[in-house]
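Please read the structure below before turning to the comments.
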Amino acid sequence: VNRRCPLSELMAVVRDYVEITGRRVTFEYALISEINDTPEEARKLAALIHGIMCHVNVIPLNPTQKFAGKATTRQRALDFCAVLGEAG
């Protein structure tokens, strides 16, 4: 998917959409234990969406048989959300 639609292009389209429509967008973010649930990853996400009228729906990963990743813990999810909240 990233080859067809790089993240930078997607974010530009999202910014345009919000500007044109005045509507808030929602980003779904699945937290994977010790992969993308760190404060550093939260800061990266905050930087990526900075200035976009949006909501971030943070979801602990729903494990499947085909993916070895594990859901984050409740505390790590709360910490991640706190970093996002501090970033606005």
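Derivation of every value follows stated rules applied to the coordinates shown; laboratory data play no part. Given the structure is predicted, the values throughout are model-derived calculations rather than measurements. All Cβ positions, glycine included, derive from the backbone under ideal geometry; neighbour counts span all protein chains shown.
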### Query
Quick one: of the DSSP bridges fully inside the chain, what percent are antiparallel, nearest 5?
20 percent
### Task
Tabulate in residue order the Karplus-calculated ³J(HN,Hα) for the range 47-64, using 6.51 cos²θ - 1.76 cosθ + 1.60 with θ = phi - 60°, rounded to whole Hz; enter x for Gly and Pro.
5, 5, 9, 3, x, 9, 6, 8, 10, 10, 8, 8, 10, x, 3, 9, x, 10
### Query
Can you list the residues, at least 5 places off or on another chain, whose amide H is less than 5 Å from the amide H of Val56, using H built in the peptide plane?
Phe27
### Query
When you count, for each residue, the other Cβ atoms within 10 Å and take the mean per peptide, how do 60-70, 22-32 rank with the highest first?
22-32, 60-70
### Message
Using 0.36 nm times the number of residues separating Ile52 and Glu34, minus their current alpha carbon distance, what extension gain do you get?
### Response
3.8 nm
### Task
Would you work out the relative contact order for the range 1-73, in percent, from Cα pairs under 8 angstrom that are 6 or more residues apart?
35 percent
### Query
Between Gly51, Pro6, Asn62, whose Cα lies farthest towards the positive end of the dipole of the chain when Lys and Arg beta carbons carry +1 and Asp and Glu beta carbons carry -1, centred on the Cα centre?
Asn62
### Distance in nm between pseudo-label sites at Glu41 and Glu86 (7 Å out along the Cβ direction from Cα)
1.8 nm
#### Entry: Expected 222 nm ellipticity per residue - DSSP helices of 4 or more, -39500 (n - 2.57), all of the chain, to 500
-14500 deg cm²/dmol
#### Entry: Between helix 7-21 and the chain: long-axis angle, C-alpha atoms, 0 to 90°, nearest 10
50 degrees
### Task
Would you work out the charge dipole size for the chain about its Cα centre, treating the Cβ of every Lys and Arg as +1 and the Cβ of every Asp and Glu as -1, and quote it to the nearest 20 debye?
260 debye
